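Visitor: Take this structure first; my questions come after.
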Amino acid sequence: MDRNRLQHQAASMRRSLFDQGYLDEPFIQLEELQDDASPNFVQEIVTLFYTDSARLIQNIEHALNSRPIDFDKLDDYMHQFKGSSSSIGAKMVTNECTVFREYCSAENAEGCIRSFQQVKQDYAILRRKLEVYLQMVRQAAVSQKA
Amino acid sequence: MVLGNDASSSSLSNKNLSVLVVDDDPLIRMLHDNYLKHFGLKPLVVENGKEAVDLFQLGTSFDLILMDKEMPIMNGVEATKALRDMGATSMIVGVTSRGSPSEMQAFMEAGLDFCFEKPLTFDMIDFILKELNVNDDDDTNN
């Protein structure tokens, strides 16, 4: 596939990530930090985000399965998840984390469980789309150098 | 070199500023480290408030400290209070994902100069550096 078409596809995918509300402004800042000195910066940050997220999702699941539920601990974990999500511009995930924390604050276990399912779903979709997008970007870059 | 209105974001004016990033989240540490490098700074990065306090006790001082609020061992509120009690005159900027007015007020009262909600943006850093450079100019003129 030629370079122009690859770049166009990557740009189109990027636009849809923003238009559909998966990403917002902080992600643009990440992209601005990527340069010749840090050519893989976005991928490195996103990979750290995946690692952070996997750990926190596991912690939240464990906390939700404990009886009685420790809502303070749950809130703390989700606060961390919200923090890292918002820092990379994962808008949809961040918003659902906020909803979760409201249920947590009200000690509404059912609400927390429902909301957490949504958080995991939003995160899984974002991760899939980001992986596809970043692969397109890499392919376009390789094609440019060829 | 001509310095325009954005002198604060010039690498030339920032290169002598010493900066400390205090955050327990490796992703945030990496992000803020790179944000600051984008502005020509070379920050030191530590994982919690106690490490920041230990550095100060060893005689290290910083022009700017970016302080997270929620950290293990010693949180940002405790660390900020400890640093001010020890006479630290650094600009300390709180960075927190807990954005309720009461939580930010409590953090401010510990001795912060400013408090921002995460994530930091380039505009926030630009503002902070402008304030730092203004303070630096005032000290020079006095």
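The values are calculated or read from the model by the stated rules, or taken from the named source; none is laboratory data. Note that the structure is a prediction, hence the values are computed from the model and not measured. Reconstructed Cβ throughout: ideal geometry from the backbone, glycine too, with neighbour counts over all protein chains shown. Note: accessible area is taken over every heavy atom of the protein model, side chains too, but ligands, DNA and RNA are not part of it. Shrake-Rupley method; radii C 1.70, N 1.55, O 1.52, S 1.80 Å.
Visitor: Within a 10 angstrom radius of each residue's Cβ in B:72-81, how many Cβ atoms of other chains show up on average? Whole number is fine. Numbers along the way, then the final one.
Guide: Numbers: counts 0, 0, 0, 0, 0, 0, 0, 0, 0, 0.
The per-residue average across the peptide is 0.
Visitor: Helix check for chain A. Which DSSP H runs span at least 27 Å along their own axis by Cα, with a mean Kyte-Doolittle hydropathy no less than 0.0?
Guide: Values: long enough: A:41-65 (36 Å, 0.27); A:109-145 (53 Å, -0.38).
Going by DSSP H runs, the hits are A:41-65.
Visitor: Hey, rough spin-label estimate for B:D123 and A:I125, points 7 angstrom out along Cα→Cβ, what's it come to in nanometres?
Guide: About 2.8 nm, to one decimal.
Visitor: Using a cut-off of 12 Å between beta-carbons, work out the net charge of the residues near A:D72 (Lys and Arg +1, Asp and Glu -1, A:D72 not included).
Guide: Numbers: positive: A:K73, A:R101; negative: A:D70, A:D75, A:D76, A:E107.
Local net charge: -2.
Visitor: Given a Förster distance of 25 angstrom, what is the FRET efficiency for A:I28 paired with A:T98, based on the Cβ-Cβ distance and rounded to 0.05? Can you show the working numbers first?
Guide: Values: r = 21 Å, r/R0 = 0.85.
E(calc), rounded to 0.05, equals 0.75.
Visitor: Same structure again: Within a Cβ distance under 14 Å of A:S115, other residues only, what is the Lys/Arg minus Asp/Glu net charge? Can you show the working numbers first?
Guide: On the way: positive: A:K82, A:R101, A:R114, A:K120; negative: A:E61, A:D75, A:E96, A:E102, A:E107, A:E110, A:D122.
Result for the local shell: -3.
Visitor: A further question follows. My understanding is that a pair violates if its Cα-Cα distance is over 32 Å; which of A:K120/B:K69; B:K37/B:K69; A:K73/B:K50; A:K73/B:K42; A:K91/B:K130; A:K120/B:K50 do that in this structure? Could the numbers behind the result be given before it?
Guide: Details: A:K120/B:K69 26 Å; B:K37/B:K69 22 Å; A:K73/B:K50 22 Å; A:K73/B:K42 35 Å; A:K91/B:K130 29 Å; A:K120/B:K50 34 Å.
With Cα atoms farther than 32 Å apart: A:K73/B:K42; A:K120/B:K50.
Visitor: Compute the signed sum of charges (Lys and Arg +1, Asp and Glu -1) over the other residues within less than 12 Å, Cβ to Cβ, of B:L66. Write down the numbers at each step before the final one.
Guide: Working: positive: B:R29, B:K69, B:K118; negative: B:D23, B:D33, B:D63, B:D68, B:D113.
Charge balance in the 12 Å sphere: -2.
Visitor: If you don't mind, another one. For the protein assembly as shown, report the translational diffusion coefficient in µm²/s to the nearest whole number, using Stokes-Einstein at 25 °C, 0.890 mPa s, and a Kirkwood Rh over Cα pairs.
Guide: Details: Rh = 20.5 Å.
The calculation lands on 119 µm²/s.
Visitor: Around B:V45, which amide H atoms from residues at least 5 apart in sequence, or from another chain, sit under 5 Å from its own amide H, with H modelled in the peptide plane?
Guide: Close amide H contacts, sequence-distant or interchain: B:V21.
Visitor: Moving on to the next point. Quick check for me: using +1 on Lys/Arg Cβ and -1 on Asp/Glu Cβ, what's the dipole size of chain A about its Cα centre, in debye to the nearest 20?
Guide: Working: 17 positive and 21 negative charges, 132 e Å.
It works out to roughly 640 debye.
Visitor: Same structure again: Using r as the Cβ-Cβ distance of B:E109 and A:E107, and R0 as 25 Å, what FRET efficiency do you calculate, to the nearest 0.05?
Guide: 0.30
Visitor: I would also like to ask the following. For the interface of B with A, what's the total buried accessible surface in square angstrom, probe 1.4 angstrom, rounded to the nearest hundred? The partial results should precede the final answer.
Guide: Values: alone 7690 and 8600 Å², together 14610 Å².
Protein heavy atoms only, the B-A interface buries about 1700 Å².
Visitor: Calculate, for B:K42 and A:R3, the FRET efficiency according to 1/(1 + (r/R0)^6) with r their C-beta to C-beta distance and R0 45 Å; round to the nearest 0.05. Could the numbers behind the result be given before it?
Guide: Values: r = 36 Å, r/R0 = 0.80.
Between B:K42 and A:R3 the formula returns 0.80.
Visitor: Quick one: Cα centre-to-centre distance for the stretch A:72-146 and the stretch B:51-101, in angstrom?
Guide: Using only Cα atoms, the two centres lie 29 Å from each other.
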